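In what follows, a single structure is set out as structure tokens and then discussed.
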Amino acid sequence: MTRRLGVALLPCPDHTRTAIRLQRDLPGAGDPLRPVLTEDGNLPHLTLFQGWLDDDLEPGPALGHIAASMSLPAAMTLASAGIVHQPTGWIFMSVERTALLHKLQETVTGLLEPHLDRAAFDTAQDMSRFTDAERASYARYGYRYTGEAYTPHLTLGRTDEDTALALVRSASTHPGIPAAWTFDRLSFYVMGEHGAHAEKLHELPLAAAG
């Protein structure tokens, strides 16, 4: 058996609340963006990888192995790179892609790749709006954003394409965007609606990883 699981960096508590407020306060949103972010449900997060993974992969040892494979700081601070649109209908809070973050994703994908259920990849997915790098990433991992295609971000939600484009235009100067985001935990989670961080299976503070 396999499940749709993911590994992510979680923001510190203050920036978790900031992301929740940012989603709620985007001007002109009308109906709430989906999924709705909360502190006790769909957590704001920065995905490192997500996909169909074997049930026998144990979250705790997996996070411990990731942490032991590289030197991590007690907290990772990443500069904001703006609120951006991603086809189709996604609104991302983009952050800088540092060498350390790139190395962390490589470590995560290297650990998880042998546990992928390739038969569960959605080969019927519409990839017409994917870049070439995103198609190559999806073909290998069943996930759009790895390697050259990695675009680190916090997902603020999804809506219809026209609304998403309008929201991003109006949100570009939103006063609630911090200059940088601080992440202090690794999380292994169950994916929910639109790839949400729906259920935390295991958490490891970066301070413990370092």
Discussion item. On the basis of being within 30 Å of M1 (Cβ to Cβ), surrounded by 15 or more Cβ atoms within 10 Å (Cβ to Cβ), at pLDDT 95 or above and not β-branched (V, I, T), does L104 make the cut?
Written reply: yes
Worksheet item: What do you reckon, is L10 among the aliphatic types (A, V, I, L, M), touching a Leu at 6+ places or on another chain (Cβ under 8 Å), at pLDDT 95 or above and under 26 Å from A120 (Cβ atoms)?
Response: yes
Worksheet item: Given the structure, is G64 surrounded by fewer than 22 Cβ atoms within 10 Å (Cβ to Cβ), closer than 22 Å to L111 by Cβ and either touching a residue at least 24 places away in the same chain (Cβ under 8 Å) or not small (G, A, S) (or both)?
Response: yes
Worksheet item: Just checking, how many residues over segment 149-169 are of a type in the set (A, V, I, L, M, F, W, C), in contact with a helix residue (DSSP H, G or I) (Cβ under 7 Å, 6 or more places away or on another chain) and surrounded by fewer than 22 Cβ atoms within 10 Å (Cβ to Cβ)?
Response: 1
Worksheet entry | Criterion: among the aliphatic types (A, V, I, L, M) and either touching a strand residue (DSSP E or B) at 6+ places or on another chain (Cβ under 7 Å) or open to solvent by less than 30 Å² (accessible area, probe 1.4 Å) (or both) - qualifying residue of L78, L111 | L78
Worksheet item: Here are T18, T47: which of them is under 15 Å from V108 (Cα atoms), among the hydroxyl-bearing types (S, T, Y) and at pLDDT 90 or above?
Response: T47
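The values are calculated or read from the model by the stated rules, or taken from the named source; none is laboratory data. Being a predicted model, the structure only gives us computed values, none of them experimental. Methodologically, a virtual Cβ is constructed for each residue, glycine included, from the backbone with ideal geometry; neighbour enumeration extends over all protein chains shown. Keep in mind that these areas ignore ligands, DNA and RNA; they rest on the heavy atoms of the full protein, side chains included. Shrake-Rupley method; radii C 1.70, N 1.55, O 1.52, S 1.80 Å.
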